[in-house]
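A short write-up of the structure that comes next.
Readers should treat all values here as calculations from the given coordinates under stated rules, not as data from a laboratory. Just so it is clear, the model here is predicted, and its values are computed rather than measured. Virtual Cβ from ideal backbone geometry, glycine too; neighbours counted across all protein chains shown.
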Amino acid sequence: MSSELAWEKRQFGHRARLALTPAQVLLMDGQAHAARAMWNQIHDLWQMTPKCRRSLSRMDQTLRQARKEIDWYGVLPAQAAQAVLRTYLQAWKNCWDGRAEEPNFKARTRSVMSVDVPQGRDLQIKRVHRRWGMVNIPRIGRVRFRWTKDLPVGKAANKENRITGARLVKDALGWHIAFRIQTLEPRPAPHAGPEVGIDVGVNLPLALSDGNHQDHGRVPRLPDATADRDKWLNPDEKARLLRLEQRAAHRKSFRKPTERGSKRLRSTYDQIKQLRARATRRAVDWQHRTTTGLARQYGTVVVEALTITNMVKSARGTTEEPGKNVAQKSGLNRSISQEAWGRTVTQLAYKTARQGGTLHKVPAPNTSRRCSACGFITPGSREDQATFVCKNPDCGWEGNADHNAARNVLHLYRTGHALVPAAGRAVARRTRGVKPTTAR
């Protein structure tokens with residue numbers, strides 16, 4: 001193999017926490033609000049302009065003229081303003097390709113505050129300490145950020161290994177910077193590890209076909225309306241969250257329907273967001289650590305092709321046909337959303353590829369109802385949520401229900417039922433004469 005084929009370009013992101021002073025926070029908030037308002041005005045201009053006159057050059061010219069006439073546009077750097085226009089046009093392209101919905105108006109309180117730094121040379125990154133680095137933000141100055149990953153800066157930076165840009169994002173825990181990194185790395189050799197089937201669940205987050213289950217120990221036994229909605233918080237944090245929610249409900253009771261919330265109410269909401277953001281960060285950290293270990297250990301990972309949006313639909317029904325067990329279904333939907341199965345599969349996809357492994361998807365129907373030992377679907381085998389007991393008189397296999405589903409997932413792949421993407425959707429590739437219910 002030639003040296004050109006042994007190397008490949010890789011683009012990824014890295015997010016780090018910024019340590020801003022109160023004055024710098026005000027400046028960053030001003031830039032973010034200016035970028036949001038500019039997005040809204042571009043959206044209005046797009047809606048008013050006839051389709052035959054919509055073009056990048058025409059809208060860019062209008063944007064340049066607006067920056068000269070509107071004073072507060074000067075808070076936002078010129079490169080960041082151009083990035084807002086490009087992001088808006090890319091949002092329409094994603095909509096036309098069927099990858100996203102139409103871009104819409106960005107409200108002040110419900111939008112993610114962000115500012116783009118499209119050119120990496122403006123950042124001037126330098127490491128100053130084992131745990132801290134310095135980055136230059138246009139119109140802000142030098143800012144410290146948490147150094148948790150080696151970045152291609154200084155002598156390590158070149159044409160192939162460099163930082164191409166960054167995006168400043170604010171969440172409930174403060175401002176963060178997301179670097180866009182481009183590297184040239186050797187192509188990984190094929191992973192020689194074993195095959196494994198994975199079944200995602202609520203009682204057991206990741207059940208593996210070989211019995212090496214991954215459990216974070218924070219999931220309730222049965223998902224229902226009283227299930228723990230904040231399993232990633234410790235008891236003190238849960239008690240504080242409950243007090244804040246009660247305080248917010250009390251203060252909200254004094255607000256009229258058309259009246260804006262008070263500063264105290266907004267402050268209480270901010271504290272609730274901080275606790276929930278902390279729980280989300282812990283959940284994402286567990287997912288990253290777990291998926292990294294699985295990608296290093298296994299060469300072939302097989303998962304179910306789940307349509308999660310359909311699984312978390314409400315069972316409320318309509319006035320004419322009301323739903324049944326609405327509260328229990330609501331608790332189950334909440335537990336499924338907290339586990340973030342889609343994020344787990346996404347992490348497994350790129351991490352297995354980086355280790356030289358592969359990720360495959362198989363059809364999801366009947367994987368939890370079929371016995372992994374005899375291959376038959378017998379009514380009554382899943383009477384218990386956590387245990388599978390085969391009612392086939394000739395079998396009688398008994399074990400964990402999620403483990404049984406993981407074995408079925410791996411068996412579907414081995415019998416040629418993997419899904420391959422074609423024309424934007426997944427189609428089944430089956431081996432002639434082999435049925436998924438074939439016993440092992």
(request) Starting at the first residue of the stretch 117-124, write each ³J(HN,Hα) from the Karplus equation 6.51 cos²θ - 1.76 cosθ + 1.60 with θ = phi - 60°, in whole Hz, x for Gly and Pro. (result) 10, x, 10, x, 5, 6, 6, 6
(message) From Cα pairs below 8 angstrom and at least 6 apart in sequence, can you work out the relative contact order of the stretch 180-322, rounded to a whole percent?
(response) 32
(message) I'd like the chymotrypsin sites (Phe, Trp or Tyr not before Pro) in the stretch 232-317 restricted to DSSP loop residues with at most 16 other Cβ atoms within 10 Å, sorted by number.
(response) 254
(message) Taking the 0 to 90 degree range and rounding to the nearest ten, how far is the long axis of helix 263-297 tilted relative to the main principal axis of the chain, both from C-alpha atoms?
(response) 50
(request) Could you state the angle between the C-alpha long axis of helix 401-414 and the longest principal axis of the C-alpha atoms of the chain, as a value from 0 to 90 degrees rounded to the nearest 10? (result) 90
(request) DSSP loop (so not H, G, I, E, B), at most 15 other Cβ within 10 Å: list which GluC sites (Glu not before Pro) in the stretch 287-356 pass both filters. (result) 320
(message) Between 0 and 90 degrees, rounded to the nearest ten: what's the tilt of helix 235-252 against the longest Cα principal axis of the chain?
(response) 60
(message) Nearest 5 percent is fine: what portion of the DSSP beta bridges confined to the chain is antiparallel?
(response) 85
(request) Compare the peptides 64-77, 176-189 by average per-residue count of other Cβ atoms within 10 angstrom and give them in order, highest first. (result) 176-189, 64-77
(request) Would you grab the residues whose amide H sits under 5 Å from the one on residue 173? Only those 5+ places off in sequence or on another chain, please, with H modelled 1.01 Å from N. (result) none
